[in-house]
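Structure first, then comments.
Coordinate-derived values only; no laboratory data. Since this is a predicted model, take the numbers as computed values, not measurements. Please note: Cβ atoms are built from the backbone with ideal geometry, for glycine as well, and neighbour counts cover all protein chains shown.
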Amino acid sequence: MFKIVFSDIDGTLLNEDRDVSPLTIETIQKLESRQIPFILISSRMPAAMRHLQKKMNIEHHPIISYNGGLIIVDNKVVSSTEIPINILEDLHIYNKTHDVHLSLYHKDEWYVPRDDFWTQREINNTKVQPAHESNIAVIEKWKNENKGAHKIMAMGEEEKIDGIRDFLITNYKDQLHLYRSKPSYLEIAPKSISKLTAVELLLKDHFRIPLSQSMAFGDNYNDIEMIKGVGMGIAVANAKPEVLEIAHMVTSSGKEDGVAKSLAEIMNF
């Protein structure tokens, strides 16, 4: 029997309005009534996850942000893994001649270099408002505060994103995870963490539940390790081919309540 459920958000849990559907909310409440925690696990920042937790009435549960880079339990950070500031500096210098939009994230801080198409798109996607600050100003600020980035999001034309990817692979292949969710997006995260490492940490230190009794839902490259590693890894129908290939089970698409439908089936709701 499964005792805990982990779910990705974008492409997996949300409907076409980029929100949780009434059926999803109802299903999560049935899980709650059986004391089965439903944990959100995402590349999003915490602020872009809490409003969804609130709608599902699961604010008391931990949050796994930044693909496992930040784990919050009872409003306290229990694990934090950052991209070192020197990598951020080198990327900024490289980007001076390419001018790709670099969004910089640390905990609930989100800095954008300008209010452009990419900024507005992410505001629409996440319902969070960023602070406007040049990349170099943020780097100097974080240097003084001994901070790194939990995530860097590079957004721009495909060829320019290719360039950033190649620059980072050449110089920091062993230190960074590079997730290409679409041709115009590159998510940059520390290599030492993944969604699976975060799941394992929470299960061991907080829930005391074996990995074999956990379920997880996902759709994208950053979900592969988690889906392979848990007791039951489920891909939504719209998942990347590589995810569909390794999933233990495939459900309906995210926009068609795939998570809720398969939970109802597996849990006999």
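Think of the stretch 149-216 as having a plus end and a minus end, set by charges on the Cβ of Lys, Arg, Asp and Glu; of Thr170, Met215, Thr197, Met215 sits farthest toward the positive end of this dipole. Per-residue Karplus couplings for the stretch 76-92, computed as 6.51 cos²θ - 1.76 cosθ + 1.60 with θ equal to phi - 60°, are listed in order as 10, 6, 9, 7, 9, 10, 10, 7, x, 5, 5, 5, 4, 4, 5, 5, 4 Hz, Gly and Pro entered as x. Rounded to the nearest 20, the size of the Cβ-charge dipole of the chain about its Cα centre is 680 debye, with Lys and Arg at +1 and Asp and Glu at -1. Taking θ as phi - 60° and the Karplus parameters 6.51, -1.76 and 1.60, the scalar couplings of the stretch 9-21 work out to 10, 5, x, 10, 9, 8, 7, 5, 8, 6, 9, 8, 7 Hz in sequence order, x denoting glycine and proline. Dipole magnitude for the stretch 85-190: about 240 debye, using +1 per Lys or Arg Cβ and -1 per Asp or Glu Cβ, origin at the Cα centre. Our coupling estimate for the stretch 194-202, obtained by passing each phi through the Karplus curve with A = 6.51, B = -1.76, C = 1.60 and θ = phi - 60°, is 7, 4, 5, 4, 5, 4, 4, 5, 5 Hz, Gly and Pro reported as x. Label point of Arg165 set 7 angstrom out along Cα-Cβ; within the stretch 59-91, no amide nitrogen lies under 12 Å from it. Each label was represented as a point 7 Å from its Cα along the Cα-to-Cβ direction; for Ile136 and Asn86 these points are 2.1 nm apart.
Choose one of Ser103, Ile246, Ala154: the residue whose Cα lies farthest towards the positive end of the charge dipole of the chain (beta-carbon charges +1 Lys, Arg; -1 Asp, Glu; about the Cα centre). Highest projection toward the positive end goes to Ile246. Report, ordered by chain and residue number, the lysines lying within cross-link reach of Lys54, taken as a straight Cα distance under 26 Å and ignoring same-chain residues fewer than 8 apart. Counting by Cα, and skipping residues close in sequence, Lys54 has these lysines nearby: Lys3, Lys30, Lys76, Lys107, Lys127, Lys151, Lys195, Lys204, Lys255, Lys261.
Annotation: amide H-H contacts under 5 Å for His101 (H modelled 1.01 Å from N, sequence separation of 5 or more, or interchain): Met155.
From the largest down, the stretch 99-228 spans 45, 33, 32 angstrom on the principal axes of its Cα atoms.
Distance between the modelled labels on Gln35 and Lys228, one decimal in nanometres: 3.4 nm (7 Å Cα→Cβ projection). GNM remark for the chain: springs join alpha carbons under 10 Å apart, and the peak mean-square fluctuation among Arg18, Arg50, Arg34 falls on Arg34. A simple charge model with +1 on the Cβ of Lys and Arg, -1 on the Cβ of Asp and Glu and nothing else charged puts the dipole of the stretch 131-269 at about 360 debye relative to its Cα centre.
For the pair Asn75 and Asp205, the difference between a 0.36 nm per residue extended length and the Cα-Cα distance amounts to 45.2 nm. Estimated at 0.36 nm per residue, the fully extended path between His248 and His98 surpasses their Cα-Cα distance by 49.8 nm.
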